[in-house]
Structures are given as structure tokens and as C-alpha cells.
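Readers should treat all values here as calculations from the given coordinates under stated rules, not as data from a laboratory. Every value quoted in this text rests on a predicted model; they were computed, and no experiment measured them. Here the Cβ positions follow ideal geometry from the backbone for every residue, glycine too, while neighbour counts run over all protein chains shown.
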Amino acid sequence: MIKPAYILPFFLILTSTLVAQESDYPTFFSESFPLFEKALGDFDRPVSSSVDGVQEYFNQGFQMMYAFTKVDAARSFKEAQKLDPTCSMCFWGEAWAWGPYLNGKMQEAEAPRAYASIQAAQELAQEGFVTEKEVDLIAAMAFRYHETYDPETQAVRDTAYAKAMEQLAQKYPNDLDIGTFYAEALFLLEPRRGYRDIDDPDVQRIHRELERVLSLDITHTGACHLYIHATESTTRPEKALECSEFIGSSIPGASHINHMPSHTWSEVGMWGKSVQANIMAWHSDQKAATGEGFAIYPSHNLHMLAFAASMDGQSGIATQAGRDYSRLTGNPMFELLTLIRFGRFEDVLDIAKIRKKPTNDIQLGVWNFSVGYASLKSGDEATATSMITDIKELSESSEARFRFHPANLLLGTLAHILEGEIQWTQGNLDQAIESFNIAISFEDQLTYDEPEPLPFAARHWLGAAYFATDNFPEAERVYREALQDHPNNGWSYYGLLQALQGQGKQDNQIQEAFNLSWARSDTWLRGSKF
């Protein structure tokens, strides 16, 4: 909307006063912020401003928020404010950016910025340079913030905001962004982690709103992003398959958006597509250095890449992702675990010779497991046995966590895999089977996570042990359970084929499923574990 030139100085004074009320910003906010033209998609939400460049920065901030790139989104909305200090929706956008989102609560330093921004938006909206819909959005967002931030009572404000957005979703049923905001507001009232009950009325309410939006536009980035998260930890992750085909390229340089379909694809066993999504995401993380992408969660992208490639039998990609993860984070976990997954034991021992042991309990436990396992496979049973004691001590005493996973469950799984492998080497297969079962009991207690912390499954060891004792029916049972946990992975299909052949059975469908699952693999299998 065009603003008369004579009133602009008044609003410059007004917004200068409002900015003075804001809290301190990081120093880099004083620097100009670019438009990432090559990274952005074709999203457009018209905003009430006729100043050149405002719409572009507003659209960029919106896309960055849909990609969970919060700070950069705030900077983009800030840049729009610099171009047009009377753009009330540009202040609304910044308030949105500083608020809670699906992967994190609003931080104490963010709360004053969010409150000041929405206050500025409200004052500017009173002057009438907005549409009715924009007035409604600003009024709804105002429920979210208070002059005095109290994290203990934020849920009350979040609930009020959700109710306000419900009214707007009913008032503007064809506005897909508003429907997405309403669904997000509901989602923020739910626990973020763990499994979700598909029959829970609150979960169904979130699904209904997102499905309504996606029925109008299956390519809507924000709605699909939330829908993947809302379905991945249920018994129906495949519900997000259709929109997953579009989201990855909807914001070409947003690494988190590139990555997102892999949450669905990994859950349903489309490992090759998951690998490709995370390669694309990792490329966008690297493009960020040249202004052609914006990076978020690069270590998460590498973790998912290592996990998916491990399940897909792509050892080259999996182990390289592990190395890149190690370089990026200083954490050698996935470099070591992917090498164990693919039987590259000499590489593990080479790493142990030239690097220092990590000091973090979980990283140290993974190091001990990997070195112990590789030593055992190299004929050094004594070193492997000594590592068992160290891993179990860490498992029982440490309160460390990797992401959401406690040391006792994560390291307990690894300790008993190694213990079982030692017993197997000694010819005590019955004891090995007992240890592998204990490893599974630990692994099954790990909470839902995408990706999981280990790039292999303890059942691959148990199934192999049953096969070695000619207990083919039990081996078949274990591999079928493994396929329920991780659909369409070739390790389990190969073990299942072996178990069926041991019983004199032939299943052409399983053989075809294995062939398809292993079509991209660079690994020759002799069993479900090395």
C-alpha cells in the first residue's frame, strides 16, 4: 500500500522510539543482511508496503521461518523494517521469528525482542496502513508475548494464541499460511519428543488442520514440514509421503527443508531417497558459505545421511558422512560406528593409533566399543574383553546423554553386542544369544528419534547367532521383527533369506525385496553383521 511521503518522518520517529524499547541484539544485527536469491523458492505472501525490496525480504523471512532458520529470519524481517519503518507486518514477522517453535522454546534473550516487535506492529497497525487480515494476524500474535517473560506461564499465552489462530483459520479458510500457523500453535502445546498416539484427539486435531491445508495445496512447505513431524513418530508415517515428494526442493538452498522428507522416507524404508535428501541438505549447508544456501542443523543432516546410507548398504557414503560429522563436531561416534557396520576394522584401529580418546562419556563408550570390536576381529581378544568392563562401568555410572538418549541404554546396547561377539568367538553361542537379547532389551527402550543413535540394529547380531546354531525359525522371527523396526533394509532381508533357506523354504517376493533394497549398495553381504 502506498504511504503519503509527508507522514513518513513521523513514523521514523515512532519506530525509533519503539526500537529503543527493545532489548539488546547480537552485534551482527547491525550489519546488512543479503537476499539469498539462489536459495529461495517461489513463495510469495503480499505485504502492505510499496517500498522496493520490502516484499523480497518479507518473503525470505517467511521461508526461513518455514525452514526453522530463526535468527536469519529475524534478520530478514529486520532488513525489511530498515527499508520501510512503517511496515507493521515486518515487525509482526520479527515477533514470530523470536517466539517458540517446534524445536525449541523461546529463550530469555529473545522474549523482549518478540514483545517489542509485536508492540511496534500493533502501534503501526493502528495508523491504518494494513489490511484487515494483517490487523487480525498482529492481534493474534500479541497474545503470545508479555512485557515480563516467565517461561513457567508461557503455555498460558501459547494456548491463548492457539485459540486466536483457530478463529482466524475459520475466518480465512483459504489462507494456507494461517491454517499452518493454527496447526503449529496446536503442535506447540504438545510434548515435542517421543512417540505419538495416532488415536489421541489432540494429535488428530493437528493432523486434520494440516491435512485440510495440504488438500488445498499439497506443495505447501510450512504445512508439509509440520505434517512430517506430526506423523513420523506415529504408526502412520506414510501419511506424509505425498507432500514429501515436493518439500525437499521447495526452498532449494534451505538445508533443513532439503532434509525433511528423509524423516518420512527413513520411517517407511525408502533409504535411497533418504540418502539423496541428506546429500542435498549437506550440499546446501556448504553452499551457505557462498550465499547460495542457508545452513541449519548440519550435524543432524550428516547423522541422518550416515544412518540412511548404513541401512541402504552404501558404505562409501555412510563412512564419509561419519568422517564429515567427526570433522564438523569433533565427535567421532559415527565415523567409528559406520566403520564397524561395514566391517572396516583396520580403519578403526588406525584411528585409535593417531587420535586421542574422547572425554565425553558416551563418545568414550562408543570409542571403546568400536576399538574393542575391531580388536576382536583382528585377533586381540584381550583388548576386546577389557573394553567390556570399561563400557559397562560408563553405562552404569554416567548421566551423560546423546541427544535424548541416556548413557545406560545406548552404551548398554553396545556393551552387550560386544560381549555377545566375544562369547561367539569363544564358541559359547548360547551365551552370545543371551547377551544379544540383553542388547535388544536396551535398544528397544531408546525413545523415538529420527535418526536413531546407532546405524545398525542389535537384532542383526541375534538373527545371525540363531542362524549359526541352525535355529532357523528363531532367526526368521528376529529378522521379521527387524524389518518391522526398519522396513526394507537389506541386512534384514538377507538374514531372512538365509533363515528361510535353512528351513528349505523359498520366497521370491523376499528375494525381489532384497534385490531392490540392495540395488544401490557397494557392499557384498555374507551375513547381517560383520
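Could you give the longest part of the chain that holds none of the GluC sites (Glu not before Pro) found in DSSP loops with at most 15 neighbouring Cβ atoms within 10 Å? Segment 153-398 is the longest.
Distance from the alpha carbon centroid of region 294-308 to that of region 386-422 works out to 24 angstrom. Grab the beta carbon distance between residue 50 and residue 133, set R0 = 30 Å, and tell me the FRET efficiency rounded to 0.05. Efficiency at R0 = 30 Å is approximately 0.95.
Once fully extended, how much extra length lies between residue 200 and residue 216, figured as 0.36 nm per residue of separation less the alpha-carbon to alpha-carbon distance? Walk me through the numbers on the way to the answer.
Values: separation 16, 0.36 × 16 = 5.76 nm, distance 2.45 nm.
That pair, residue 200 and residue 216, stretches by 3.3 nm at full extension.
Once Rh is set to the Kirkwood radius over Cα pairs, what Stokes-Einstein translational diffusion coefficient, in µm²/s, holds for region 221-357 at a temperature of 4 °C and a viscosity of 1.567 mPa s? Taking Rh from Cα pairs, D becomes 84 µm²/s. For the chain, the longest principal axis of the Cα atoms and the long axis of helix 490-502 meet at an angle of about 30 degrees.
The helix-based estimate of mean residue ellipticity at 222 nm for the chain, built from -39,500 (n - 2.57) per DSSP H run of four or more residues and divided by its residue count, is -20000 deg cm²/dmol to the nearest 500.
Reducing region 442-479 and region 29-58 to their Cα centroids gives an inter-centroid distance of 50 Å.
Counting only Cβ charges, +1 for Lys and Arg and -1 for Asp and Glu, the dipole size of the chain around its Cα centre is about 700 debye. 3J(HN,Hα) along region 394-404, derived from phi through the Karplus expression 6.51 cos²θ - 1.76 cosθ + 1.60 where θ = phi - 60°, amounts to 5, 4, 7, 10, 7, 9, 5, 9, 10, 6, 10 Hz, with x in place of Gly and Pro.
Taking amide H positions as modeled 1.01 Å from N, with prolines and chain starts lacking one, the residues under 5 Å from residue 294 and 5 or more places away or on another chain are 254, 255.
Label zone of residue 346 (point 7 Å out along Cα→Cβ, amide N under 16 Å): in region 358-401 this covers 374-380.
The slack in the chain from residue 27 to residue 160, taken as 0.36 nm per residue of separation less the alpha-carbon distance, amounts to 44.6 nm.
Suppose a student asked you for the relative contact order of the chain, using Cα pairs under 8 Å spaced at least 6 residues apart; what percent would you report? Present the calculation step by step, with values, prior to reporting the outcome.
Working: 890 pairs, mean separation 49.0, N = 530.
Across the chain, relative contact order equals 9 percent.
For region 5-250, dividing the convex hull volume of the Cα atoms by the residue count gives 122 Å³ per residue. Under the combined filter of DSSP loop state and at most 14 neighbouring Cβ atoms within 10 Å, region 334-363 retains these trypsin sites (Lys or Arg not before Pro): 355, 356.
By how many degrees, between 0 and 90 and to the nearest 10, does the Cα long axis of helix 407-425 differ from the longest principal axis of the chain? For helix 407-425, the angle is close to 20 degrees. I'd like the orientation of helix 201-216 relative to the chain: the angle between its Cα long axis and the longest Cα principal axis, in ° from 0 to 90, rounded to 10. Here the helix axis deviates by roughly 70 degrees. Loop-located trypsin sites (Lys or Arg not before Pro) in region 489-530 (DSSP state other than H, G, I, E, B) with a sparse environment of at most 12 neighbouring Cβ atoms within 10 Å: 505, 526. Placing dummy labels 7 Å off each Cα toward the beta-carbon, the span from residue 107 to residue 354 is 3.6 nm.
Counting only Cβ charges, +1 for Lys and Arg and -1 for Asp and Glu, the dipole size of region 5-250 around its Cα centre is about 200 debye.
Projecting label points 7 angstrom from Cα along Cα→Cβ for residue 236 and residue 193 puts them 2.7 nm apart.
Please order 71, 275 by the number of other Cβ within 10 Å, starting at the fewest. List each step's numbers first, then the result.
Numbers: 71 15, 275 27.
Fewest to most other Cβ atoms nearby, the residues stand as 71, 275.
May I ask which of 287/357; 287/529; 273/505; 353/529; 239/273; 239/529 have a Cα-Cα span longer than 27 Å here? Pairs exceeding the cut-off: 287/357; 287/529; 273/505; 239/529.
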